[in-house]
Amino acid sequence: MTSRLFVFVVLLFSGTVNCATAQPTKLERIGVIHMGGVLTSVVDGLRAGLKDAGLQEDRQFALEIHDIKGDAKLAESVAQKFERDKFRLMFTATSPVTAAAMKGTKDISIVFAVGTDPVAQGFVKSFAQPGTRLTGIQYLVRDLTAKRLELLKEFLPKLRQVVTFYKPDEPVSVESAKLGRAEAQRTGIKFVERHVKTAEELASALKSIKSGEFDAYLYVPDPLAVNQTQLIIDNARDKRLPTMFHDQILVTRGALASYGQSYFDIGWHSAKYVRQVLGGASPADLRVETIEDVELAFNLNTAKQIGVTIPPNALARAKKVIK
């Protein structure tokens, strides 16, 4: 964590808001809303980042965490409660949660971690000058959809047909699927899109997959899928279906591969913004950062279980390989 602390301090003192370095002088309540599943690691990272910055939980800040289990619509009412109860600020993970929280409130400051363009989403006016009560971190999840499929094709050269699951009424999910569809057309892969609206529908769709029906599963950014990653991993492994996800923590939990960023690190970087707002800074003046570092990871135990061999050139490029 030493290197992270150094980066944190450099970023903190390079800010343009003088009051951002002030320490909170009383116990400040922070509301946290996330989708659940692997996104719990965002909260772990947030806690670690605040601790590294010298803030003590339950002495200088208190977190009230709401896991909305993939249902972004619940974020609006949770956010309204935080504002009504006069919480100091909110931390929201993912674009659907941020959009719902913004819609449901008027005054409370929001620090976000989103995988889409926050300007296009209407969260801020610009990266350099947000100009609203929102600011935070943009990470790369939707925009890496095509690259994940490209990598799948590289280490599974016989790849012909992939399947994905997402909610058809989620704009980010639809946009991500479009990127995957375009890459599939470019590379001659059949891209099968299964629409699911509930965890029960997802479980049923996974159960209905026949052995050998598809060559791989590709994660498409989606609030339901991100909440049910372990269900997808376990079902796919039982059916000997290779999986490509977005966070290497899922590789440690049994996925075959991932390409993307660490939710823990995203939460850790977000702590800088939370600290600055607690210190008196206005989100309107805090530049939105984009986290661009991406990592490729493989689980060779899973590869062995499902009968897949990862080529040496792919393994050489991986940041993490579980043996």
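Quick rundown of the values:
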item: Lysines whose Cα lies under 22 Å from that of Lys125, excluding same-chain neighbours fewer than 8 positions away; result: Lys103, Lys106, Lys272
item: Surface accessible to a 1.4 Å probe, His195 within the full protein complex, Å²; result: 100
item: Rounded to 5, percent antiparallel among DSSP beta bridges of the chain; result: 10
item: Heavy-atom SASA rank of Arg133, Arg148, Arg84, Arg253 (probe 1.4 Å, accessible area, largest first); result: Arg84, Arg253, Arg133, Arg148
item: Principal-axis tilt of helix 229-238 within the chain, Cα atoms, nearest 10 degrees; result: 20
item: Rounded tilt (10° steps) of 95-104 against the dominant C-alpha axis of the chain; result: 40
item: With all protein chains modelled, accessible area of Met102 [1.4 Å, Å²]; result: 60
item: Three-way shape call for region 162-226 based on the alpha-carbon gyration tensor, with the a/c threshold at 1.5; result: oblate
item: Heavy-atom SASA rank of Leu27, Leu231 (probe 1.4 Å, accessible area, largest first); result: Leu27, Leu231
item: The chain: angle of helix 145-155 to the longest principal axis, Cα-based, in degrees nearest 10; result: 40
item: Anisotropy class of region 51-173 from Cα gyration tensor, a/c 1.5 cut; result: prolate
item: Anchor Lys210: lysines whose Cα lies under 27 Å away (excluding residues fewer than 8 positions away in-chain); result: Lys147, Lys153, Lys158, Lys167, Lys178, Lys190, Lys197, Lys239, Lys304
item: Whole-angstrom gap from region 87-140 to region 263-323, using each part's C-alpha centre; result: 20
item: Computed over the chain: relative contact order in percent, which uses C-alpha pairs under 8 Å that are six or more apart; result: 23
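The values are calculated or read from the model by the stated rules, or taken from the named source; none is laboratory data. Everything numeric here is computed off the predicted structure, so don't read it as measured data. Please note that ligands, DNA and RNA were not included when accessible areas were found on the heavy atoms of the full protein model with its side chains. Shrake-Rupley method; radii C 1.70, N 1.55, O 1.52, S 1.80 Å.
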